[in-house]
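Enquirer: Okay, handing you the structure first.
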């Protein structure tokens, strides 16, 4: 082993998780410290980073994604390209929505609200679609999903900064109210 290279630094995310799990089994006295670090990590969210990630993810979905989804599908029938595009984009948006639910369930209201604002801003950046992306097939996708995010936040008890959002998302005032 090359001593100038750290094995920990070379681990994948899954391997790091396995190391942490093993360490906490062997050293239960470290659980409280690990919990403190986890809370610190999950209690903050960078809305600009979330915005860029949501917008980049949705804009990065190429029309080629439809090749395996649209058209006749055995056992399902005909799938319209718009329906297939919705499904692909929903799958891409899902990790952000699961993270929102996870933080809300943990009582991390501020981080959940910042994450939700980032998701809404990312969707807002995609509101005009884009040629050669799946957004072209679903011009109303961003607004429809923004409405879903607002509804989900209400169900989860996440207080959105509505006045700020009205300033940031002026074309969506009907969705936010």
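The values are calculated or read from the model by the stated rules, or taken from the named source; none is laboratory data. As the structure is a computational prediction, the values presented were derived from the model and not from experiment. All Cβ positions, glycine included, derive from the backbone under ideal geometry; neighbour counts span all protein chains shown.
Enquirer: Considering each of 6, 53, 43 in turn, give the residue that is modelled with pLDDT of 85 or more and farther than 25 Å from residue 138 by Cα.
Expert: 6 is the lone residue from the list that is modelled with pLDDT of 85 or more and farther than 25 Å from residue 138 by Cα.
Enquirer: Just one of the numbered conditions (1) farther than 17 Å from residue 66 by Cα; (2) surrounded by 14 or more Cβ atoms within 10 Å (Cβ to Cβ); (3) in contact (Cβ under 8 Å) with a residue 40 or more places away in the chain is not true of residue 150; which one?
Expert: (3)
Enquirer: Related question: Just to be sure before I move on: is residue 113 modelled with pLDDT of 95 or more, surrounded by fewer than 22 Cβ atoms within 10 Å (Cβ to Cβ) and over 29 Å from residue 65 (Cβ atoms) in the structure I sent?
Expert: In short, yes.
Enquirer: Determine which member of the set 130, 122 is assigned by TED's automatic domain parsing to the domain that holds residue 62, touching a helix residue (DSSP H, G or I) at 6+ places or on another chain (Cβ under 8 Å), closer than 17 Å to residue 51 by Cβ and not in a helix (DSSP H, G or I).
Expert: So the residue among 130, 122 that is assigned by TED's automatic domain parsing to the domain that holds residue 62, touching a helix residue (DSSP H, G or I) at 6+ places or on another chain (Cβ under 8 Å), closer than 17 Å to residue 51 by Cβ and not in a helix (DSSP H, G or I) is 130.
Enquirer: Let me ask something additional. Working carefully through the options 82, 117, 88, find the one that is part of a helix (DSSP H, G or I) and under 25 Å from residue 43 (Cα atoms).
Expert: Exactly one of 82, 117, 88 is part of a helix (DSSP H, G or I) and under 25 Å from residue 43 (Cα atoms), namely 117.
Enquirer: Also, quick follow-up: If we scan the range 38-52, do we find a residue that is assigned by TED's automatic domain parsing to the domain that holds residue 123 and in contact with a strand residue (DSSP E or B) (Cβ under 7 Å, 6 or more places away or on another chain)?
Expert: There is no residue in the range 38-52 that is assigned by TED's automatic domain parsing to the domain that holds residue 123 and in contact with a strand residue (DSSP E or B) (Cβ under 7 Å, 6 or more places away or on another chain).
Enquirer: Quick one: which residue in 108, 89 is crowded, with 16+ Cβ neighbours inside 10 Å and without any contact (Cβ under 8 Å) to a residue 60 or more places away in the chain?
Expert: 89
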